[in-house]
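The values are calculated or read from the model by the stated rules, or taken from the named source; none is laboratory data. Since the model is a prediction, treat every value here as computed from it, not as a measurement. Please note: Cβ atoms are built from the backbone with ideal geometry, for glycine as well, and neighbour counts cover all protein chains shown. Calculation scope for accessible area: heavy atoms of the full protein, side chains included, ligands and nucleic acids excluded. Shrake-Rupley method; radii C 1.70, N 1.55, O 1.52, S 1.80 Å.
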Amino acid sequence: MSDGGHVWWEDAVVYEVYPRSFADADGDGVGDLPGLRSRLGYLADLGVDAVWLTPFYPSPLADGGYDVSDYRAVDPLLGTMADFDGLVKDAAAYRIRVIVDLVPNHCSSAHPLFRAALAAAPGSPERARFIFRDGRGPGLPPNNWVSQFGGSAWTRVTEADGEPGQWHLHLFDTSQPDWNWRNPDVPALFEDVIRFWLDRGVAGLRVDVAHGLFKDPDLPDIVERRPLSAPSPYRHRPELKALYRSWRAILDSYPDEGFPGPRTAIGEVWYDVPGTLRPYLATGGLPQVFNFQLILAGWQTAAFREAIDSALALTGGSRAPWVLGNHDVARPASRYRLDEGFTPQTVAELIALGDRNAEVGARRARAAALILLALPGSAYIYQGEELGLPEVTDIPDDARRDPAFRRTNAEHPGRDGCRVPLPWARTGTGFGFSLTQDGGRPAEPWLPQPPDWGRHSVDSQLADEHSFLGLYRTALRLRRVHPALGRGTLRWLDREDSSLLCFAREPGFILAANLGTAPAPLPAHREVLLASGPVTGGGLPPDTAAWLSA
Ligand code: NOJ
């Protein structure tokens, strides 16, 4: 335990790093661990408590690294294990913890165990680690499940005799075969992986597709499209509870004194009914599960309030951290150009919107940041949110990498637009994303950056306290020192003007955010501590939030 009986993750601000797009130290146009290591000072100045690294493991990159071919190594493109160890050590010197991604639902088809399964015969122990089945008729897959990225969730393999044979299940890309969690080799493998990274000093694990893993052994057809929260043959299976209890026991077996302290695991669980999280968070289960309600909420007071209330009613914000974005959803500064919350159509709608509403989106994203960081509990920030980066909507088709784009025949633009390499400098190749040891010209970034990317760069915002970066830095500094912020509770300050989202936290703090279209009077207060935009005598302008002392 640390800090008077509270654990660090209960109110941690965690910064999500998408390593390929954060910073590139060797000038090959792909972000890497040494790049991240060289920018730890930036993250310390920003004021975050931890970083979560999305996968940096060896991978053919069919799904941005979520197709892992070796769970216990670093992709040579991104560095070495010594770089990882050095990163953990340097981060600790800045009091920054490191959380890594665990991808247990599927691996890459390049994983040696899947290769062995392909080489082995139907019915073999090698195949039993995955989900292989015979088709249910000539050329017909075993059932009607569809991949999250479009198309069938089954791919037919070629057997040793050169003939088409069994099918293997993949809820994501065809190159991401699902593990069979009913085979004892699989939980044993992942226990080893978990211990491997905890032994290297990581503070926690982010669990990919935590609602997946187990499938109904009968693999029944899906008869209707069900809401995300409804029980399904491959979501929220009851077997998960015992598995997560066993993982929790591993986490709890690591020393909770000192740095990094009690270890956490945070599950990625998509749901539309917040109660869905309950079994995951039951005693002895996962310490934390993401709360995606603010991503799904449209820009309306009622939607935000509902999102906040429903999440707080579950466990408070400590066990279900708040998030505005991540590497899978359209960036807030663009998403808020629309009034609705995120849906699979959002990126296409933004593309259709062209240049309209850009200012509105940015203003709202600044206000949303102040809401996020004033809420009780823990919050996650996705890299570039602190710079107000917009979604990049004009990536040429041939530069897109997301399998969702290809598998839906370009119907879904995919998630590349929120993964464009960060701009660190106003000018230059890659806008400072890539450094080179010898000062030579680095390669172009692996995803193209827009020509005006430099105006969002760290360098152009650093000296300006009114910039996005300035706002985040000030908010994070205040959050650290203000006794009302971080873990705790909130009390709604009911107002007749329903466009004002307004809550109090003790001692002496008020958040007021105007999600309406007309200026709203501020509640009684002593002082404006911080505001996301100009606040005049006329009250709080639309799309603006303020932190007030009461
Ligand atoms: C969720 C990850 O965040 C996403 O990027 C990935 O495509 C899927 N899980 C599959 O691993």
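Residue 248 meets the conditions (1) under 22 Å from the mean Cα position of the chain (by Cα); (2) open to solvent by 20 Å² or more (accessible area, probe 1.4 Å); (3) within 25 Å of residue 294 (Cα to Cα) in every case but one. The failed one is (3). Checking each residue in region 110-129 for being open to solvent by less than 30 Å² (accessible area, probe 1.4 Å) and touching a strand residue (DSSP E or B) at 6+ places or on another chain (Cβ under 7 Å) picks out 114, 117. I need the full set of residues from region 414-432 which are on the phi < 0 side of the Ramachandran plot, among the hydrophobic types (A, V, I, L, M, F, W, C) and either away from the ligand (no atom under 16 Å from the Cβ) or without any contact (Cβ under 8 Å) to a residue 40 or more places away in the chain (or both), in order please. Of everything in region 414-432, those that are on the phi < 0 side of the Ramachandran plot, among the hydrophobic types (A, V, I, L, M, F, W, C) and either away from the ligand (no atom under 16 Å from the Cβ) or without any contact (Cβ under 8 Å) to a residue 40 or more places away in the chain (or both) turn out to be 422, 424, 425. The set of residues in region 130-158 that are open to solvent by less than 40 Å² (accessible area, probe 1.4 Å) and in contact with a helix residue (DSSP H, G or I) (Cβ under 9 Å, 6 or more places away or on another chain) comprises 130, 132, 147, 149, 150, 157. Identify the residue in region 318-332 that is open to solvent by 10 Å² or more (accessible area, probe 1.4 Å) and more than 16 Å from the ligand (Cβ to nearest atom) and, among all such residues, is modelled with the lowest pLDDT. Per the criteria, the residue is 318. Of everything in region 46-61, what is touching a helix residue (DSSP H, G or I) at 6+ places or on another chain (Cβ under 9 Å) and either open to solvent by 20 Å² or more (accessible area, probe 1.4 Å) or not aliphatic (A, V, I, L, M) (or both)? Give them in sequence order. Answer for region 46-61, where residues must be touching a helix residue (DSSP H, G or I) at 6+ places or on another chain (Cβ under 9 Å) and either open to solvent by 20 Å² or more (accessible area, probe 1.4 Å) or not aliphatic (A, V, I, L, M) (or both): 47, 49, 54, 55, 56, 61. In this structure, residue 333 does not qualify as more than 20 Å from the chain's Cα centre (by Cα) and touching a residue at least 40 places away in the same chain (Cβ under 8 Å).
Restricting attention to region 77-105 and to residues that are part of a loop (DSSP other than H, G, I, E, B), more than 16 Å from the ligand (Cβ to nearest atom) and more than 13 Å from residue 55 (Cα to Cα), the residue that is least open to solvent (accessible area, probe 1.4 Å) turns out to be 96.
Total residues in region 216-259 satisfying the condition of being under 16 Å from residue 277 (Cβ atoms), among the aliphatic types (A, V, I, L, M) and modelled with pLDDT under 95: the figure is 2.
Scanning region 451-485 for residues that are open to solvent by less than 10 Å² (accessible area, probe 1.4 Å) and closer than 24 Å to residue 300 by Cα yields 471, 472, 475.
Give the residue that is nearest to residue 208 (Cα to Cα), with candidates limited to residues of region 88-137 that are acidic (Asp, Glu) and touching a Leu at 6+ places or on another chain (Cβ under 7 Å). Applying the filter and picking the extreme gives 101. For region 373-390, the criterion of being part of a loop (DSSP other than H, G, I, E, B) and of a type in the set (D, E, K, R) is met by no residue.
Taking first residues from region 397-413 that are at negative phi and surrounded by 21 or more Cβ atoms within 10 Å (Cβ to Cβ) and partners that are outside any loop (DSSP other than H, G, I, E, B) and among the small types (Gly, Ala, Ser), the Cβ contacts under 7 Å between residues at least 6 apart in sequence or on separate chains come to 413/348. Do we find that residue 202 is within 24 Å of the chain's Cα centre (by Cα), β-branched (Val, Ile, Thr), within 16 Å of the ligand (Cβ to nearest atom) and open to solvent by less than 40 Å² (accessible area, probe 1.4 Å) in this structure? Spelling it out, it is not the case that residue 202 is within 24 Å of the chain's Cα centre (by Cα), β-branched (Val, Ile, Thr), within 16 Å of the ligand (Cβ to nearest atom) and open to solvent by less than 40 Å² (accessible area, probe 1.4 Å).
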